[in-house]
1. Among A:82, A:225, A:17, what is the fewest-to-most ranking by other Cβ atoms within 10 Å?
2. Using a Förster distance of 51 Å, how high is the FRET efficiency between residue A:64 and residue B:25, based on the Cβ-Cβ distance and rounded to 0.05?
3. On average, how many beta carbons from a partner chain sit within 10 Å of the beta carbon of a residue in B:150-159?
4. Where does each of B:185, A:65, A:75 land when they are ranked from fewest to most other beta-carbon atoms within 10 angstrom?
5. Using a 10 Å cut-off around each Cβ of peptide A:89-97, what is the average number of partner chain Cβ atoms that fall inside?
6. Each label point is 7 Å from the Cα along the Cα-to-Cβ direction; what then is the distance between the points at residue A:226 and residue B:17, in nm?
7. As a footprinting exposure proxy, order B:147, B:86, B:102, A:106 by other Cβ within 10 Å, with the fewest listed first.
8. Within a 10 angstrom radius of each residue's Cβ in A:33-43, how many Cβ atoms of other chains show up on average? Whole number is fine.
Amino acid sequence: MFQFKDVSYGPLKDLTFSINKKEKVMLFGPSGAGKSTLLFLFNRLHSPSSGSIYLDEKEIADFEVTDLRKRVGLVLQDPNLFPGTVLDNIKYGPSIFGEWDEREAEKLLQYVQLPTSYIDRDVEQLSGGEKQRVSLARTLANSPEVLLLDEPTSALDYRTAEEIEECLENLIEEHNLTMIMVTHNLQQASRLGERGLFIVDGQLVEDGRILEMLEKPKSNELARFIEE
Amino acid sequence: MEPEISNQSLLFLIVFVFIPLSLSYFYQLGLSKNILWSSVRGTIQLFAIGYLLTYLFDLRASIGIPLMISIMITVATFHARLKGKELPHVFWYILVGLLVIEISVLSMWLLFDMVEFTPSEVIPMSGMVIGNSMVAMGLALERMKNEFKENNGRLLAALSLGAKPKTASKLIVQKTLNAALIPNVDQLKTIGLVQLPGMMTGLILGGVEPVMAIKYQLVISLSIFSSVSLSAMFITLAMYRYFFNAQDQLLETEEEIRTQS
């Protein structure tokens, strides 16, 4: 699905790897490694300074950027909801493409396990976990094929984080999504991911099955990271 | 009788400078140098402009007015651009904006016979329009930069959902314009109740009938109100797009904004 060929940008250096459809990939590594920067390359919030990125064998630079971003949805660490109601947020993306259908609203809230009565609620009245669920629903409203997640639970308490994780797992299964998630939490990585990309100082140090990587790290960097 | 303040009386104004100076000293605000410098600078500027105006008022209107308005617009542009100096072409946008606003307002005044085309009427009134527009543009630029910084995540979210920069920035533009316009709306609401506006006070002190002074004040207040609104709107709508590049990506650092192609 995605192919990175010698991609460099900011701290990232000559990254080459591919991601298959429906893979659940965890990007992890120490702070400042360039994980979020890498994530933002997938939907062209950044463009590589050298190298190329392909989506289904077409260079992503050749996509109409809005179409690409519709296909490759992003959920950030902070929900960053827009002022207004839950509905205002959910229909934001589809309205841009003229595809909003009022009947979708309730379905989307059910996907993220929020009561449908929340639809007209002001987002300021929601808890942190509820806000993140609305943020998820807002991204799903565009019917993406790929879900990019930038530490979506790191600002939440343990219990809420677990609930969001569960919600994410269901969503990814139900919608056959490809998931690429940045996390610094190794337990979360092993729970949600199948494959891991371990990044240090902008370089891809290890790439493999996440459970094997965590049990038998091949590099000293990963061994040290697990110990820490 | 024209009011007159003697030079000796003016010297006593030093007391008014001494008060904030003492406050700064006692509370260690570190503002003493600034207070002294701004007082001296303000006094020199005012006297200089007084002599310049006397000279300009004696010139033919067709020379004195364009000359002074050009000077005012140029100085205002240099000053307002400091608030957004990392934004490409900001100088030219401000210059053109101020020029268009001043020409429009002046045309309205002359067309509807509100003001006579004499330096003594056009120059002070234009000064107020240009000065207020300059402040509005500067504030709008500053506010917009802060809003872009504070709403970085929201902008990224909006772009990621497929929004073009214009749609993604809608909230920022709204907030910036709100912040620029609300003080003016409030000021207009309380005009004459909380404080007598400067121009009206000046005219009354100069011996003009209060009702006549009010008419002039209305002309200038509403002219300022519309030019401030236009200035803020123009500069915000002209500049927001420089926070994005041609690939609809958000530029997050001053360096990226300055060096965008």
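Any read-out appearing in this document is the output of simple, stated calculations on the displayed coordinates, not a laboratory observation. Values in this document were obtained by computation on a predicted structure and should not be read as measured data. Glycine also receives a Cβ, built like all others from the backbone with ideal geometry; neighbour counts cover every protein chain displayed.
1. Numbers: A:82 17, A:225 21, A:17 14.
The order, fewest Cβ neighbours first, is A:17, A:82, A:225.
2. Values: r = 63 Å, r/R0 = 1.24.
For R0 = 51 Å, the calculated efficiency reads 0.20.
3. Details: counts 0, 2, 3, 7, 7, 2, 8, 14, 6, 7.
The per-residue average across the peptide is 6.
4. Numbers: B:185 11, A:65 19, A:75 23.
Sorted ascending by nearby Cβ count, the order is B:185, A:65, A:75.
5. Values: counts 2, 0, 0, 6, 6, 2, 4, 7, 2.
Taking all residues of A:89-97 together, the mean is 3.
6. So the two model labels end up 7.3 nm from each other.
7. Details: B:147 23, B:86 16, B:102 20, A:106 13.
Taking fewest neighbouring Cβ atoms as first place, the list is A:106, B:86, B:102, B:147.
8. Values: counts 0, 0, 0, 0, 0, 0, 0, 4, 0, 0, 4.
The per-residue average across the peptide is 1.
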